[in-house]
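The next block holds one structure in the form of structure tokens; read it before the comments.
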Amino acid sequence: MVGQIGPLVQVGRKKTALAIHVLGGIAGGATIGLLLGFGGLLLRAALGDTLLNTIFVIVVPAALLYAASVDLGLMRLPHLTWVRQTPGSWPCSMGHYPGIFAWGFDLGLGVTTRIPYQSTLVVPLAALLSGDLATAVAITTVYGAARALAVVAAVQSVPGDDYGAACDAIQERVVPLKKLVGVTALVIAALIVIS
């Protein structure tokens, strides 16, 4: 993504393009949050508050524990992800800024493109099982913004126009970041259980 969006940022105003990308990420996160939130409301109506809360407190930490074990390399299991990546042709077919927005939107959805860490799979699960529209939107919107901001940080970190170097730097950090995400998932699981 950095290799694609980086050169496009140079075509227009850099701050405008990056802001549009982040807005796309926020919009994508909010959109999937609305869908999952409505699903959660239906679950809450079907199961009741107590049962859904119990399911949330058991299933989400268990899923986080499993995903963290994979991200930390403690369990050697297949990495679950989509093969699909955000299409690089969107800025050409949609236009410069709409294409950059669409890239952010697609990443913000979190479930339509490659999943970088297994702990990410718990985001839509937690949103659905929260059983609350506002909570679901908050969970997924924060994720959508964070994923878009990660691209912005990578683009901003590049001196000059060497976006290949940024892609290389990101690739070199995959394992340490995966471990950080895994540890964070464990902390979140613990916080859910003890709260």
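The values are calculated or read from the model by the stated rules, or taken from the named source; none is laboratory data. Here the structure is a predicted model, which is why all the values come from computation and not from measurement. Cβ sites come from the backbone with ideal geometry, for glycine too, and all protein chains shown count toward neighbours. Heavy atoms of the whole protein, side chains included, go into the accessibility calculation; ligands, DNA and RNA do not. Shrake-Rupley method; radii C 1.70, N 1.55, O 1.52, S 1.80 Å.
Brief remarks on what is shown
- Cβ pairs under 8 Å, 6+ apart, first in the range 130-141 and under 16 Å from GLY110 (Cα atoms), second hydroxyl-bearing (Ser, Thr, Tyr): ALA136/SER130; ILE139/SER130
Residue by residue, here is whether (1) open to solvent by 40 Å² or more (accessible area, probe 1.4 Å); (2) touching a helix residue (DSSP H, G or I) at 6+ places or on another chain (Cβ under 8 Å) holds:
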site: LEU23; (1), (2): yes, yes
site: GLY29; (1), (2): no, yes
site: LEU42; (1), (2): yes, no
site: THR50; (1), (2): yes, no
site: THR54; (1), (2): yes, no
site: VAL70; (1), (2): no, yes
site: LEU80; (1), (2): yes, yes
site: VAL83; (1), (2): yes, no
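- Hits in the range 84-115 (condition: assigned to a loop (DSSP other than H, G, I, E, B) and in contact (Cβ under 8 Å) with a residue 24 or more places away in the chain): ARG84, GLN85, THR86, GLY88, GLY110, VAL111, THR112, THR113, ARG114, ILE115
- All conditions but one from (1) surrounded by fewer than 23 Cβ atoms within 10 Å (Cβ to Cβ); (2) within 17 Å of LEU177 (Cβ to Cβ) apply to MET94; the one that does not is (2).
- VAL187 modelled with pLDDT of 75 or more, exposed (fewer than 13 other Cβ atoms within 10 Å of the Cβ) and under 20 Å from VAL123 (Cβ atoms): yes
- Some residue of the range 161-173 being at pLDDT 80 or above and surrounded by fewer than 14 Cβ atoms within 10 Å (Cβ to Cβ): no
- Beta carbons closer than 8 Å, at least 6 apart along the sequence or on distinct chains, pair a first residue in the range 182-195 that is over 15 Å from ALA63 (Cβ atoms) with a second that is surrounded by 15 or more Cβ atoms within 10 Å (Cβ to Cβ) for VAL183/ALA68; VAL183/LEU72.
- Qualifying residue in the range 2-18 (condition: among the aliphatic types (A, V, I, L, M), open to solvent by 30 Å² or more (accessible area, probe 1.4 Å), part of a helix (DSSP H, G or I) and at pLDDT 70 or above): no
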